[in-house]
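Visitor: Quick one: the structure is below, and I'll ask about it shortly.
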Amino acid sequence: MPTPPDVSMTAPNFSDAKSSEAPRLDTTMMERAVSEALETMAFAAVWPPDSPEDALTLEAAPPRALCVSLDVRGPWTGRVELVASLSLGQMLAANMLGVTSPDEVEPAHAADAMGELLNVTAGLLMRQIIDDRTGRVEMSLPISCAHQPSEWASLTTRQDVCVLESEAGLLALCAAEAVP
Amino acid sequence: MSHHVLLVDDSATTRAFLKRALALSGLPIAAVHEAPHGAAALELLAKQHIDMVFTDLHMPVMDGHALMRAMAQSPTLCRVPVVIVSADPNAPSATAGGGPDCDGCHLLGQLRKPFTPENVRDLLAATLEVTRADAA
């Protein structure tokens, strides 16, 4: 999976986006999509944080976090991002590779699994809002980069972000609709 | 008959997961071959007999649609059954064994991500059943 020098956490600006006509994504849809993806891929559950306010603070930022993102173009146009600890990727990859201990999983495989989780989650998200009438969706390949803990609080307080808890710590899923 | 199966996906973890699922599916397998994109798959198909291809759609270098179009242009590869494995909400939704050709190649069915080993087993059971019925 290619790693770009930087991935902005702000919404992309696609010139041909039609946000006024676009179907809307909400955090319930986002929770449903990431929950189904993780449960099917790793038999893992996600749930709302026990203390939602605490989950949004700098201190709650997942350690060794990775940000994976992909762009979507179609009836809904924007960027879908997933931020989580590398431990989540290791847990996911361990299940997919058939490795007993997540600690044995190499970081490259963990990042690959995180990219696949985002790809699957984005596909599930889009299936909730498109049909034969609304048309086709194009999704880019996922890209990844390190996430700085200092960005956690500003990310998780946004309206288009869903913060959830998992066995491997907190994760944030963001669906930023493009600015027309 | 044991099958030579080719898995085409840019995610190494997904290829590993699919390989494990195939081992549990009951399909007699002689060997599982892997390629990270369509171009590598075509190279492999040129030198190795393959009985079935499982391919992702979104990949770098050469995507799954281009791979299927290239296979369709070959008199021998156009007959190799293909299963699409994708999270793409627009992926051809052919029912197992009975779907329309995709990009001109022999499409057996679609495995929609996320999938379980049971989904792989069920798809193969249905497609191989249909293949046998067609041949009879």
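Visitor: In this structure, does A:Asp50 turn out to be more than 10 Å from chain B (Cβ to nearest Cβ) and assigned to a helix (DSSP H, G or I)?
Guide: Spelling it out, it is not the case that A:Asp50 is more than 10 Å from chain B (Cβ to nearest Cβ) and assigned to a helix (DSSP H, G or I).
Visitor: For B:Ser25, are the conditions met, namely being under 13 Å from the mean Cα position of the chain (by Cα) and among the hydroxyl-bearing types (Ser, Thr, Tyr)?
Guide: For B:Ser25, the condition - under 13 Å from the mean Cα position of the chain (by Cα) and among the hydroxyl-bearing types (Ser, Thr, Tyr) - is not met.
Visitor: Here's something else I'd like to know. Six or more apart or on different chains, Cβ atoms under 7 Å: show the pairs whose first residue is in the range A:93-117 and facing chain B (nearest Cβ under 7 Å) and whose second is among the basic types (Lys, Arg).
Guide: Within 7 Å, the pairs are A:Gly98/B:Arg20.
Visitor: Continuing with this model, one more query. Given the residues A:Val68, A:Val120, A:Val83, which is the only one that is under 17 Å from A:Ala175 (Cα atoms) and more than 14 Å from chain B (Cβ to nearest Cβ)? Spell out the reasoning first.
Guide: Working: A:Val68 fails: more than 14 Å from chain B (Cβ to nearest Cβ); A:Val120 fails: more than 14 Å from chain B (Cβ to nearest Cβ).
After ruling out the rest, the residue left standing is A:Val83.
Visitor: If only one of A:Arg127, A:Arg136, A:Arg158 is at negative phi and touching a residue at least 60 places away in the same chain (Cβ under 8 Å), which one is it?
Guide: One residue alone meets the criteria, A:Arg136.
Visitor: Here is a follow-up. Could you tell me whether any residue of the range B:65-78 is within 13 Å of chain A (Cβ to nearest Cβ) and at pLDDT below 95?
Guide: Yes, the range B:65-78 has at least one match.
Visitor: A further question on this structure: Which condition does A:Pro75 not pass, out of (1) over 14 Å from B:Thr14 (Cα atoms); (2) out of contact with any strand residue (DSSP E or B) (no Cβ under 9 Å at 6 or more places or on another chain); (3) surrounded by fewer than 17 Cβ atoms within 10 Å (Cβ to Cβ), if it passes all the others?
Guide: It fails just one condition, (3).
Visitor: Oh, and also: Checking the conditions here, which among B:Gly98, B:Gly109 is away from chain A (no Cβ under 14 Å), in contact with a strand residue (DSSP E or B) (Cβ under 9 Å, 6 or more places away or on another chain) and at pLDDT below 60? Write out each step before concluding.
Guide: On the way: B:Gly109 fails: at pLDDT below 60.
None of the others qualify; the one that does is B:Gly98.
Visitor: Given (1) surrounded by fewer than 22 Cβ atoms within 10 Å (Cβ to Cβ); (2) farther than 15 Å from A:Ser87 by Cα; (3) away from chain B (no Cβ under 14 Å); (4) in contact (Cβ under 8 Å) with a residue 60 or more places away in the chain, where does A:Met29 come up short, assuming only one miss?
Guide: (3)
Visitor: Filter the helices (runs of 4 or more DSSP H) completely within the range A:76-180 down to those with at least 3 residues that are in contact with a helix residue (DSSP H, G or I) (Cβ under 6 Å, 6 or more places away or on another chain).
Guide: Hits in the range A:76-180: A:86-97, A:107-129.
Visitor: Take the residues of the range A:130-148 that are modelled with pLDDT under 90 and surrounded by fewer than 18 Cβ atoms within 10 Å (Cβ to Cβ): which is farthest from the other protein chains (Cβ to nearest Cβ)?
Guide: So the residue we want is A:Arg133.
Visitor: Inside the range A:78-89, can you point out the residues that are hydroxyl-bearing (Ser, Thr, Tyr) and crowded, with 22+ Cβ neighbours inside 10 Å?
Guide: First pass over the range A:78-89, keeping only residues hydroxyl-bearing (Ser, Thr, Tyr): A:85, A:87.
Once the filter is applied, which keeps residues that are hydroxyl-bearing (Ser, Thr, Tyr) and crowded, with 22+ Cβ neighbours inside 10 Å, the range A:78-89 yields only A:Ser85.
Yes/no per residue for (1) away from every other protein chain (no Cβ under 13 Å); (2) surrounded by 20 or more Cβ atoms within 10 Å (Cβ to Cβ); (3) closer than 18 Å to B:Leu107 by Cα; (4) at pLDDT 95 or above:
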| site | (1), (2), (3), (4) |
| --- | --- |
| B:His3 | yes, no, yes, no |
| B:Leu6 | yes, yes, yes, yes |
| B:Thr14 | no, yes, no, yes |
| B:Leu24 | no, no, no, no |
| B:Ala35 | yes, yes, no, yes |
| B:Ala39 | yes, no, no, yes |
| B:Leu45 | yes, yes, yes, yes |
| B:Asp51 | yes, no, yes, no |
| B:Asp56 | no, yes, yes, yes |
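The values are calculated or read from the model by the stated rules, or taken from the named source; none is laboratory data. Note that the structure is a prediction, hence the values are computed from the model and not measured. Here Cβ is always computed from backbone atoms with ideal geometry, including for glycine, and neighbour counts include all displayed protein chains.
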